[in-house]
Structure formats: structure tokens, C-alpha cells
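Only one structure is covered here, and it is reproduced in the block below.
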Amino acid sequence: MDAAGEEGGMTYGEVVDYFNSLQDPPAQERIDCIIPYLISLLPAPFVPAPPDAASADDSEDDHFSFTSSDDYSAAEDARSFPSPPPGDGEEDHISRLADDLLSEIISRLSTKEAARTMALSTRWRRVWAKTSLLVDDAHLRDADNEVSLVRAISRCVDAHPGPVRAARITHVAFYHHEYALRRLVASLADKNVEDLILFNRPWPLNMPLPDDIFRCAYLRRLYLGAWMFPEVAAAALVNLRELGLFHCIIPDRDFDALLSLCSKLEVLSLAMSYNCPSRLRIKSPSLRAAVEWMSSLDGMVVDGAPCLERLLLHHAIPVAERTPIKIVSAPRLEVLGILDLQLHELQIGGTTIRPGMWMFVKSSAKLPSLKILAVKVCLAIEREIKLLMTLLKCFPHLETLHIKSIPPCASPEIANCADVWESLGSCECLKSHLKTVSIQGFHTERYEVLCLKYLILEGEVLETVAFFCEDKVCFAAKDDEAAEIELMFPKNLVQDRWSFQSAIDLSLDDPFFYAVES
């Protein structure tokens, strides 16, 4: 089960050694904490788990099994439940509904409840078989043990002729069920699964993902968690629109091959990946959004991404050197962030963006398409103030700027901020395009107020400034002085949109925006 090493990457052994070297908590406990967090990032299920299943603790062993015997059929299990009491003579209106409407009813039921409808009549059994299958192991959590849960999932898929609308499996440690895993993935591929969320509960980390995953030709959305990837097949996932790789081990070579073969992919996310792949290289003719979430990478390269609109980053992991983010070709990029000015090094068109460039930025280092920028910056340090100003010049058509203010540490770099801001002058985006500014983590420190005053004075088309204190949110029109703002809103009236789900949601104009609820 070893992953092959390659230049710039890590072998599986190195990944294991890294986790084993960590203390407080040890590797096993750390992984046990990571997986539930990753699952919390996933898109919402099509049908919520019933209350009894949702309240079950992960450590409990009362799972659901469709059968307690080996000669199983879903219909036999469904008939084991008591039939509804006879009616009081009133007409059965539900039975008069068309099959299409009955199918719609079944599609809104949990996995177990849908199977139970087969006990009602032969017609319901036929309708269940014609309804695209929904499988969610959270609906089957009252089985006797994990073996019963795996058996229930497999037999549910086997009993249905297909197609499978969606399968969501996040509660199984497959290390002791490799045969069942291979059979399950093969069956899902044969039955044209369209939406698949498949997580393994490690340890160990190097659980191999079955090759049949690449036979799932009808997949439109795929989220995988805690797997070691097989070698990428030539006909991989040609209809895929959305792909999430969570805590997976995939060498750079296979990651690049996978991305190149997903010719319709629109949304790509990489969460808690630890140097395998070692870097995120975005080269895709169809990709619209790329999300890196709490991963450790040697760098990111955007080259040959004509449709890319969003490049989103969250909680960079500190390393010895700044992580390079190279934007070579992304002519439609509109949203970038959260760019950490202490941890990231941005390169545009082969030019590294540095504080000393703030007076002059050449045209090849500009991205006129960018409309929204989110940055994490210490407004008390001269280098970061000038780097922020350089970024404003790199994005001449910027309309929205989100700033996350970081308090300074004791450092000789702390500047006389008033002199720095007075020396900056203006730029094209401040004169003609910047309409909205937000500052999160605002503590009314002098260096923060100086930044606000600068943006208010120089922003000739600025309409709204919002800054967020610990217990309140303040909004100011352009002509208000920051120190004289009187319009206060309680914090609970403000919606913080920034989350993994907002990052992958292309319907949101601004994934960072704080909307005031009416």
C-alpha cells in the first residue's frame, strides 16, 4: 500500500512519520478529530438523517442492517415491519396518484424509509425500483455493528436496479472491509451513480481507493476523504462537474492527470492535504473555482485556466518560506483570497509582487479582471502596508476589498503608520472602481483608523465601508470620518458568509461578504 515517492512530493512513509512525530494529541487521536471536521465541510445531504440516527454518537455501535440473515431481500425486510392499520372506510387518495408522484415521494424519504414502502403493495415495490436510489449510511446507523452497516449499504445498492442518484458514505472504516469496498464501488459504477461522497475512517492513512472509481462515468459530483489514489485511468470521470479531495494521498503526476481528464470540471477543492500532491497546479479548460482549504503545499500554479473565476484559500499552514502562488494565465479571474501577506508570495505573469513595487507596477503584473480581493494583513507593519498598496495597483478594476486585520507582535518592523499612509498616493482602482471595503478584526487601533481614513479619502467612488469589532459592526458612507460613525448594528444581525460551502458556491457573487439580515 505504499505510495511511490517523487521529486517535490512525499512518500506515504514520510506522511506516517510526520503524523507519528506530532505530540499532544498523538497521530490516532489527531486523525480521529480531523475526519469529523472534514465531514462537517461536506455539502448537505439530499435527505437529512432521521432524528434518532442524527443523535447517535460516532462511537456507538447501534447501526441498522436490512437483514439479520444471509438469505436477504430488501422486500422481505420491509415486510417485517407492521402494515398500517386498516382504514376507516375513507378513500385511499395516495394510491390514486400517478407513479411519477409516488416516485417523487419516495425520493424525499431516507434510505431505510424508502425501502420500507415496498411492504405497502406490489405497486409500491415497483415504484421504489423505478426511483433513482439514494443511499446514506447516516440513515442506517442503528445496525448491530460496523459489519452489519457495510452489509446494509451493499445490499441496498445490490437490491436496486439503478440508477443511483446519490450515495453518501462517511461512517465506515473500510480497512477491514476491502472486498466489500471494491464490490460496492463496482456496483455504484455499474448503476450509473451521479453523486458520490465516500469517506474512509482511518487509521491507517493509505487505504487504497478502488480502481472502479474511474468507471463512474455518470458522476457529476464527487467528494473523497482519506484515501490513497490508484493510478489515474485514461477515461476518468468525463462528466464530473465538482470534485473535492479531502485528506487524500495522490502524487503530483496522478493529480495532474486526473485534472486533465475531467474535461467538464467546474469546481475543485483540496482540503487538509499534506504535501501529496506537493503543489496545486491548475490547468483546465473548464474549471471555474479552485479552493485550497487548510493544506500544506509547496506552491500553487495557475496556468492555462481560461474559465477560472475564483482562487480561494483558507488558513495557510506556516512554513519556513512563503508559499508561492503563481498566476500565469487566468484571464477571467475575478475573486482572490484569503491572501495572507505573511505566508503567501504572489506572482503574476512571472513577476513576484513585492512591497518595493508600490510606486510602479508594469502591465504584465496586473490582473484587470479581478473584482474582489480578501487579504490578511498587519496594518502596523510598513512592509505589509506597502504590499497591500502594491496589490491595489496590480488589480486596477478592483471593486471590493476585504481586510482581515492582524494585531502586531513586538517587532522593529512596526512603522510610523501616519507617514507611511501619507506617502502612498492613489491608484486607478481607488479613483475609479473600489466601492466596498470591509475590515474584520477591527480594534479601533490607531493604525487601523489610519487605514480606514486613507481608503475613505482616496476612494473617489467608495460607497460603503464596514468594519467589524468584537461586539458590533459599523457601517460608514464615504463622507463619514471613521471616529464619528454612529450607526451601530448588533453582531447577531450580521451574517459571515465565509465558509467552505460559500467558497464552492458559484451562485454567490461574493463568498466573503457580510450581509446584514433584515
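The values are calculated or read from the model by the stated rules, or taken from the named source; none is laboratory data. Being a predicted model, the structure only gives us computed values, none of them experimental. Neighbour counts run over all protein chains shown; Cβ positions are idealised from the backbone, glycine included. For accessibility, only protein heavy atoms count, side chains too; no ligands or nucleic acids. Shrake-Rupley method; radii C 1.70, N 1.55, O 1.52, S 1.80 Å.
Results, tabulated for the structure shown:
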{"read-out": "Solvent-accessible area of ASP256 with every protein chain in place, 1.4 Å probe, in Å² to the nearest 10", "value": "40 Å²"}
{"read-out": "Shape of region 200-302, Cα gyration tensor, a/c cut at 1.5", "value": "oblate"}
{"read-out": "At 1.567 mPa s and 4 °C, Stokes diffusion of region 86-239 via Kirkwood alpha-carbon radius, µm² per second", "value": "78 µm²/s"}
{"read-out": "Solvent-accessible surface (1.4 angstrom probe) belonging to ASP158, in square angstrom, nearest 10", "value": "60 Å²"}
{"read-out": "Portion, in percent, of the accessible area of region 88-235 that falls on carbon or sulfur, probe 1.4 Å", "value": "49 percent"}
{"read-out": "Accessible area per residue in Å² at 1.4 Å probe, computed on region 310-379", "value": "42 Å²"}
{"read-out": "Cα-Cα over 32 Å, subset of LYS112/LYS283; LYS191/LYS371; LYS264/LYS393; LYS283/LYS431; LYS283/LYS404", "value": "LYS112/LYS283; LYS191/LYS371; LYS264/LYS393; LYS283/LYS431"}
{"read-out": "Full-stretch length increase - ASP211, GLU428 - with 0.36 nm per residue and alpha-carbon distance subtracted", "value": "72.9 nm"}
{"read-out": "Extension gain from HIS397 to PHE46, taking 0.36 nm per residue of separation minus the Cα-Cα distance", "value": "122.4 nm"}
{"read-out": "Per residue value of the accessible surface for region 150-291 (all protein chains in place, 1.4 Å probe), Å²", "value": "31 Å²"}
{"read-out": "Segment SER364-ASP190, extension gain: residue separation times 0.36 nm, minus the distance between their alpha carbons", "value": "57.7 nm"}
{"read-out": "Percent carbon-and-sulfur accessible area, region 324-445, ignoring ligands, DNA and RNA, probe 1.4 Å", "value": "51 percent"}
{"read-out": "Region 171-210 - convex hull of the alpha-carbon atoms, volume per residue in Å³", "value": "65 Å³"}
{"read-out": "For SER132, solvent-accessible area (1.4 Å; no DNA, RNA or ligand), Å²", "value": "50 Å²"}
{"read-out": "Cα gyration tensor category, rounded, prolate or oblate, for region 257-376 with a/c compared to 1.5", "value": "oblate"}
{"read-out": "Set of region 385-411 residues, backbone N closer than 13 Å to the point 7 Å along the Cα-Cβ line of GLU445", "value": "385, 404-411"}
